[in-house]
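Down below is the structure, laid out as structure tokens.
Please treat every number below as a calculation from the coordinates, not as lab data. These figures come from a predicted structure and were not determined experimentally. Cβ placement follows ideal geometry from the backbone for every residue including glycine, while neighbour counts extend to all protein chains displayed.
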């Protein structure tokens, strides 16, 4: 009840909010096929035709269902996002408790997932239905995988595969899920440590047996990897054929920004301020020292996670969960003009939250005073994040509040000026619209040419 309550407390306000003029038109209010509601023809189109330059048929169908139920009343669409996010929070707690048996640590991770300010974008933005819907399928898949790991059967494996396929059809970012399952095999499921059944050596992990265990764990992921590969191919083809696709930035720019983005996400996890719906790509403006520092930080944490993997296995699983889940959207393959985006942390964050919750629990385990202090800190942090998320959600009230805030916390943001310009045109305020369009053109023309 606590986890559901904090989710609704933070995001319940969105049922009074409007759509925004950033993809909501493509996904809902200017999409005739969506507005037609749930029909046989619409369902067929969802599976056979890209929608908003993406192929995510289950997310598309969910928008159709919302239009069937609520029409273009934005509050209903927001309510569905809140419901799905709350379900995801409860599923996360359930699966962590099942895997680890650690109730309070699981509560902390789920609570951080529920109210972290970086997750506002995924819940308060109707177009990000794909985030919350894919999260539900992903966590259902993890729940099914835990059952399979404890008592393997074809039926249980099929449940994992079907839920994974549903997740991919909600958001292709889940292509890294087989890698996450391998991490969970290491910890907390500890499937890599299955002892040999050789008589008299039941507790000794023989080298040959160890290799067989590792090989089996990798081989059982092959059908899931095939699904991932298929999703990658479909996404690549759809993105390639999309009209109005943006020209790719030079790979060195994308690589530098990827390293920086990993560190930016970690920093914003700890200090979530100046959040915006769109962060302009830095292009070639990142200083070399910034890139070197980012690489150094990532290498240091990665080495630490590997070195301490036996004593602190949650460091290994949590850190590589974070790195691995971000790979599809870290910017190596360009899928938009943004440098990074809050919404991309939605599921990757679980890895960082695991590291934080289990690290604090380990540090405080030897002393009752430490445990009380850690509990007080956890409650304080959750309340602080919930308060920040509550405020961040208010900026999603409508297009004007969203883009005005974005301009206030970012610089050289041509997208924000452009969308405010369109909003002013709709209102008949042409002078203000021209001012925003001119500013957008000025910023755009000042960017380096890409050939």
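Along Cα→Cβ, 7 Å out, is where each label goes; now give me the distance between the ones at residue 70 and residue 151 in nm to one decimal.
Those two pseudo-labels are separated by 4.0 nm.
In nm, give the distance between the simple-model label positions of residue 303 and residue 255, each being 7 Å from the Cα along the Cα-to-Cβ direction.
If labels sit at residue 303 and residue 255, their model points lie 2.1 nm apart.
Note the angle between two axes, namely the Cα long axis of helix 313-326 and the longest principal axis of the Cα atoms of the chain, as a number of degrees from 0 to 90, rounded to the nearest 10.
Helix 313-326 and the main axis of the chain meet at about 30 degrees.
When a footprinting reagent is the concern and you count Cβ atoms within 10 Å, what order do 345, 155 take, fewest first?
Details: 345 26, 155 9.
Listing 345, 155 from fewest to most nearby Cβ atoms yields 155, 345.
At 7 Å along Cα-to-Cβ for each site, give me the label-to-label distance between residue 49 and residue 194 in nm.
Here the modelled spin labels are 4.7 nm apart.
Does segment 145-187 come out rounded, prolate or oblate, given a ≥ b ≥ c as the square roots of the eigenvalues of its C-alpha gyration tensor, rounded meaning a/c under 1.5 and, failing that, prolate meaning a/b above b/c?
Details: a/c = 3.51, a/b = 1.29, b/c = 2.72.
Taking the square roots of the gyration eigenvalues as a ≥ b ≥ c, segment 145-187 is oblate.
Taking the Cβ of each residue in 367, 122, 359 as the centre, tally the other Cβ atoms inside 10 Å and list the residues starting with the fewest. Intermediate results must be reported in sequence, preceding the final value.
On the way: 367 11, 122 26, 359 14.
Lowest to highest Cβ neighbour count: 367, 359, 122.
For helix 430-445, report the angle its Cα long axis makes with the longest principal axis of the Cα atoms of the chain; keep it between 0 and 90° and round to the nearest 10°.
50
Using Cβ counts within 10 Å as a stand-in for footprinting exposure, how do 73, 171 rank, fewest first?
Working: 73 13, 171 28.
Ordered by Cβ neighbours within 10 Å, fewest first: 73, 171.
Could you tell me how many degrees, from 0 to 90 and to the nearest 10, lie between the Cα long axis of helix 207-219 and the main elongation axis, the longest principal axis, of the Cα atoms of the chain?
That helix lies at roughly 30 degrees to the long axis.
What FRET efficiency comes out for residue 431 versus residue 97 if R0 is 51 angstrom and r is the Cβ-Cβ distance? Round to the nearest 0.05. List each step's numbers first, then the result.
Numbers: r = 58 Å, r/R0 = 1.14.
About 0.30, to the nearest 0.05.
Could you tell me the calculated FRET efficiency between residue 215 and residue 394, based on Cβ-Cβ distance and R0 = 41 angstrom, to the nearest 0.05?
Details: r = 53 Å, r/R0 = 1.28.
FRET efficiency, residue 215 to residue 394: 0.20.
Rounded, prolate or oblate for segment 202-351? Axes are the square roots of the Cα gyration tensor eigenvalues, ordered a ≥ b ≥ c, and the cut-off for rounded is a/c under 1.5. Don't skip to the answer; put the middle values down first.
On the way: a/c = 2.38, a/b = 1.41, b/c = 1.69.
Oblate.
What shape does the chain take by its C-alpha gyration tensor, where a ≥ b ≥ c are the square roots of the eigenvalues and a/c under 1.5 counts as rounded, a/b above b/c as prolate, and the rest as oblate? Walk me through the numbers on the way to the answer.
Values: a/c = 1.61, a/b = 1.49, b/c = 1.09.
Prolate is the answer for the chain, as a/c is 1.5 or above and a/b outweighs b/c.
At 222 nm, what value in deg cm²/dmol follows for the chain if DSSP H runs of at least 4 each add -39500 (n - 2.57) and the sum is divided by all its residues, to the nearest 500?
Details: 20 runs with 300 residues, N = 451.
Per the formula, -22000 deg cm²/dmol.
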